[in-house]
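This report refers to the structure that appears directly beneath it.
Only the coordinates and a few stated rules stand behind these numbers; no lab work does. Given the structure is predicted, the values throughout are model-derived calculations rather than measurements. Backbone-built Cβ (ideal geometry, glycine too); neighbour counts: all protein chains shown.
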């Protein structure tokens, strides 16, 4: 039987600091995690006629010339959404918390590098960008653990010392599990799992469900210990 999924707001008393898992780096998803969801995924599927299954995995099986056309089509849908991009509430406070503690923060998205650059320059500034920030141009995408492992290697931090935060149980949480991340946090701002968490089992089961980025911040004061890799 799967263990019950814990919610930040209803979590038990904080463990003693000596018993807390050290976190030396935090990796975030972008769309729906750092930014409020704005991509029309129904339209995105329609423009490439992929109504079921994983869009990127399906396109990857097509002939190269067909892939070029498909990627251009979904990139156009993603580009249209940039005008609606808004930061998730409490993002700046969470970034400042990590920056002040000397904790590197990375980003992994299935979106384009252009969208990542737009997020950094038009919305996140003057805060420092997430680094590394890997888009699907990296060539391997979630739920593969490879992007997360690449980021850990670039930081000189073990996966067992990192946290993965994202809004997709089947991309972000699975990626974190497969990379053996110390903690996998599911951001559920819309209350999708408020009444039932039955589908969150196996690789898709998070350590905590957070209803906001502010609750993610609470985890660092109540359940985990931030430890700068420079210490």
(message) For a quick size check, give me the Cα extents of segment 41-84 along its three principal axes, largest first, whole Å.
(response) 32, 21, 13
(request) On a 0 to 90° scale, report how tilted helix 64-81 is relative to the longest principal axis of the chain, with both axes built from alpha carbons and the result rounded to the nearest 10. (result) 60
(request) Write down Rg/Rh for the chain, rounded to two decimals, with Rg from the C-alpha atoms and Rh from the Kirkwood relation over Cα pairs. (result) 0.96
(message) Taking the Kirkwood radius as the inverse of the mean 1/r across Cα pairs, report the Rg/Rh of segment 136-231.
(response) 0.98
(message) Connecting C-alpha atoms closer than 10 Å in a GNM of the chain, tell me which of 197, 112, 33 has the biggest fluctuation.
(response) 197
(request) First measure r as the distance between the Cβ atoms of residue 14 and residue 61, then evaluate 1/(1 + (r/R0)^6) with R0 = 41 Å and state the FRET efficiency to the nearest 0.05. (result) 0.30
(message) Running a GNM on the chain with Cα contacts under 10 Å, which residue among 206, 126, 104 ends up with the highest mean-square fluctuation?
(response) 126
(message) Mean-square fluctuation check for the chain, GNM, Cα pairs under 10 Å: which of 47, 27, 68 is largest?
(response) 68
(request) Note the angle between two axes, namely the Cα long axis of helix 91-100 and the longest principal axis of the Cα atoms of the chain, as a number of degrees from 0 to 90, rounded to the nearest 10. (result) 50
(request) Round to the nearest 10 and give me the degree value, 0 to 90, for the angle of helix 146-155's Cα axis relative to the longest principal axis of the chain. (result) 50
(request) List 164, 51, 85 from most exposed to least, where exposure is judged by having the fewest other Cβ atoms within 10 Å. (result) 51, 85, 164
